[in-house]
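**Q** This is the structure I have questions about; it appears just below.
The values are calculated or read from the model by the stated rules, or taken from the named source; none is laboratory data. Given the structure is predicted, the values throughout are model-derived calculations rather than measurements. Cβ placement follows ideal geometry from the backbone for every residue including glycine, while neighbour counts extend to all protein chains displayed. Protein only, heavy atoms only, side chains kept; ligands, DNA and RNA dropped before computing areas. Shrake-Rupley method; radii C 1.70, N 1.55, O 1.52, S 1.80 Å.
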Amino acid sequence: MEASIFRSEEMRLAQIFLSSEAAYTCVSELGEIGLVQFRDLNPDVNIFQRKFVNEVRRCDDMERILCYLEAQIKKMNIDVLNNGENPEAPQPREMIDLEATFEKLEGELREVNDNAERLDRNFLELTELKHVLESAQIFLDQESDASTSLSQNLIPAEDGRNEPAQLGSVAGVIPREKLAMFERMLWRVSRGNAFLRHQDIATELKDPATGVEIRKCVYLIFFQGEQLKLKVKKICEGCRSTLYPCPDSAAERADMLRGVMSRLADLTVILSQTTDHRERVLVAAAKFLRVWLIKVRKIKAIYHTLNLFNVDVTNKCLIAEGWIPADDKDVIRDALRKGTDKCGTSMQPILNIIETKAEAPTYHRTNKFTNGFQSLIEAYGVATYRELNPGLYTCATFPFLFGVMFGDLGHGFIMFLFALWMVLREKPLAPVMAKSEITNIIFGGRYIVLLMGMFSMYTGFIYNDVFSKSMNVFGSSWHVGPNATIEIIDNHVPEYMLDPADRTDYVGYPYPVGMDPIWQVAVNKISFLNSYKMKISIIIGVVHMMFGVLLSIINHLYFKRILNIFCEFIPQVVFLLAMFGWLVVLVFTKWIFYGAGPEFDTPHGSSCAPNVLITFINMMLMQDDDVKENCESNYMFEGQKQLQTALVLIALLCIPVLLIPKPLILKSQAAKRKLRPLVGVIVVQIQGQEGEQQEGEQQEG
């Protein structure tokens, strides 16, 4: 385990001989332990021409049915039972029973859905007809007024005669958003000879095809003549409105309305029974849906793996090749033996280790704690085989760097409690969190969140920050006296200018741990904290970079890459130390030799302290600034200028060492490798010619 987390497992290429009867069960057992990565031994064979393609298609059909059931279950807001059960892959003969069960369930559910859709469509039509009949009475009460208005505005026919005012009518229902367009088109086509009345339906109506609630309105159109009637109906059909019969007689409308209400009552009962039946079917399916999906996907994975194997000429044996961890050969043999025993065959599987120089896959053995950190690393890239694993160090560095950025004791404590709750109740929470992708990701990284909360609490304590407030745990090292500079802004809490050189305010020794709480009300709080946190970030960043570069030497030594040590590692270390390592030295030098107070003389007082950033920029540009007043020099010690110049020159010399030698050496080595086969061919030809000459001389002798 320790070797696996430090670097990836040592892998071996294995060749496995399986009997045709035991191949399925053996692959099933190997899949349960998850320690074999099989190779495709049929790369030139089309996927549709492989041995078990029909079984894979059957699994695809079963998975399609289960996905359809899952969609219907989610549509009905039914919870799928998830008790954490992980069933084994069923035997091949059980596939027939599963297929029959799924097909029967799908047929029953589709029949129920089709019936329900037809009933919903009938219910919608009857509901719309009911609203048409109820609204028709209101519209037809004004028929006489409409007739008078229409007859007065009739346009003469082509023969110059006005037709008698005998009005026809068309009733229907149209979506509300199409009403304005419908009304304009009707007016233009009829040239004002059609009279439209409409009324909104109070309740939204459900579309049986999509299940979306739609706002609709009832309309009634009065017109004159058969030609205009045909035009009106074509407009209604073009606007996708629904036409309904509407008798002229009030008695006939009342009889029709009573019949519609009676049929609606019957349909309501039938729809309720249909919905209950569909819900019972889906509830029964929801209890086994997760188990069915696992079984089908395992069967599909097994047959997909079997398609990677090679079949011998007798069709009685399957040959497989795959990578296995070197330490788990016995575990894999036990799994193969168990699969053979399940099948009941007498032919035992054979496992042979093949020596090869092919590049092996990277495999890191993880547990529930390291799995989250390893997944975080592999999201950016997978380490090369037997390369040093960054996941080991990420377990500490990632939460710590998060804490440095977050740095709040209060919020960190909340995060810690949330992660601790997930850790302590991980078994009952696992099936609940798995329902959502987001919660599943958070639950998988519960140990990451736990450590991030702990480090945030630590750095928050150092920053003395609790919900943006400070704690006075050890007593402040400042006693602001009457001579302190005080600013009162908007009649709020007074703010003080803290000067450590004034010993009437500062007691002479710092706050024991972390930040002094008095900085919370200081005017110069921002400038002090920003300078402090910037320098701390530089130190941590340089240490982190140096740690990463130093780790590379372990890989170079393990893989015996001597060229990388001299052309990469050493120049990188020298460059990093000469530039950024020196920057860290400047920060610590300023902290140690400069300060405010009577113990620091004038050249080492705070007013003469050089700016580290300006000093570093001048170092790179090899220039000097003017010396400050009452200060001896811009440098912290004698010989600093000469030392900085030497460091810059050393860093500049490292750049060509990093860029030039390695490509030239690699190019030379590649050219030599290309020449070796040619030299061998030439040597063979020369030896052949010498042999022919010797034979000729012997024959002449």
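**Q** Return the residues of the range 624-661 that are in a helix (DSSP H, G or I) and touching a Cys at 6+ places or on another chain (Cβ under 8 Å); say none if nothing qualifies. Steps first, answer last, please.
**A** Just the residues of the range 624-661 that are in a helix (DSSP H, G or I), to begin with: 640-659, 661.
Those that are in a helix (DSSP H, G or I) and touching a Cys at 6+ places or on another chain (Cβ under 8 Å): Val657, Leu658, Pro661.
**Q** Which condition from (1) in contact (Cβ under 8 Å) with a residue 60 or more places away in the chain; (2) touching a Leu at 6+ places or on another chain (Cβ under 9 Å); (3) open to solvent by less than 80 Å² (accessible area, probe 1.4 Å) is the one that Ile201 breaks?
**A** Result: Ile201 passes all but (2).
**Q** Please specify each residue of the range 384-416 satisfying the condition of being outside any helix (DSSP H, G or I), touching a helix residue (DSSP H, G or I) at 6+ places or on another chain (Cβ under 8 Å) and either open to solvent by 40 Å² or more (accessible area, probe 1.4 Å) or not acidic (Asp, Glu) (or both).
**A** To start, the set of residues in the range 384-416 that are outside any helix (DSSP H, G or I) comprises 384-390, 407-408.
Checking which are touching a helix residue (DSSP H, G or I) at 6+ places or on another chain (Cβ under 8 Å) leaves us with 386-390, 407-408.
The answer is Arg386, Glu387, Leu388, Asn389, Pro390, Gly407.
**Q** Mind listing whichever residues of the range 301-327 are over 23 Å from Arg12 (Cβ atoms) and either open to solvent by 60 Å² or more (accessible area, probe 1.4 Å) or in contact with a His (Cβ under 8 Å, 6 or more places away or on another chain) (or both)?
**A** His304, Val313, Thr314, Asn315, Lys316
**Q** Test of understanding: among Tyr219, Tyr244, which residue is more than 30 Å from Ser28 (Cα to Cα), of a type outside the set (A, V, I, L, M), surrounded by 14 or more Cβ atoms within 10 Å (Cβ to Cβ) and in contact with an Asp or Glu (Cβ under 8 Å, 6 or more places away or on another chain)? Break it down into steps so the answer makes sense when it comes.
**A** Details: Tyr219 fails: in contact with an Asp or Glu (Cβ under 8 Å, 6 or more places away or on another chain).
Only one candidate passes the filter, namely Tyr244.
**Q** Just to be sure, is Gly407 in contact with a Gly (Cβ under 8 Å, 6 or more places away or on another chain) and either on the phi < 0 side of the Ramachandran plot or among the β-branched types (Val, Ile, Thr) (or both)? Steps first, please.
**A** Values: in contact with a Gly (Cβ under 8 Å, 6 or more places away or on another chain): yes; either on the phi < 0 side of the Ramachandran plot or among the β-branched types (Val, Ile, Thr) (or both): no.
The answer is no for Gly407.
**Q** Something else: Within the range 86-110, which residues are surrounded by 15 or more Cβ atoms within 10 Å (Cβ to Cβ) and either part of a helix (DSSP H, G or I) or without any contact (Cβ under 8 Å) to a residue 12 or more places away in the chain (or both)? Lay out the reasoning, then the answer.
**A** To start, the set of residues in the range 86-110 that are surrounded by 15 or more Cβ atoms within 10 Å (Cβ to Cβ) comprises 89-90, 95, 98-99, 101-102, 105-106, 109.
Passing the criteria: Met95, Leu98, Glu99, Thr101, Phe102, Leu105, Glu106, Leu109.
**Q** May I pose another question? Residues in the range 396-436 that are without any contact (Cβ under 8 Å) to a residue 40 or more places away in the chain and among the hydroxyl-bearing types (Ser, Thr, Tyr): how many?
**A** Number satisfying all stated conditions: 1.
**Q** Pairs under 7 Å by beta carbon, first residue open to solvent by less than 70 Å² (accessible area, probe 1.4 Å) in the range 111-131, partner aromatic (Phe, Trp, Tyr), six or more apart or different chains?
**A** From residues that are open to solvent by less than 70 Å² (accessible area, probe 1.4 Å), the pairs are Glu128/Tyr244; Leu129/Tyr244.
**Q** Related question: Just to be sure before I move on: is Ile686 over 25 Å from Gln572 (Cβ atoms), open to solvent by less than 100 Å² (accessible area, probe 1.4 Å), modelled with pLDDT of 70 or more and outside any loop (DSSP other than H, G, I, E, B) in the structure I sent? Even if it seems obvious, please write down each step before you answer.
**A** Details: over 25 Å from Gln572 (Cβ atoms): yes; open to solvent by less than 100 Å² (accessible area, probe 1.4 Å): yes; modelled with pLDDT of 70 or more: no; outside any loop (DSSP other than H, G, I, E, B): yes.
Spelling it out, it is not the case that Ile686 is over 25 Å from Gln572 (Cβ atoms), open to solvent by less than 100 Å² (accessible area, probe 1.4 Å), modelled with pLDDT of 70 or more and outside any loop (DSSP other than H, G, I, E, B).
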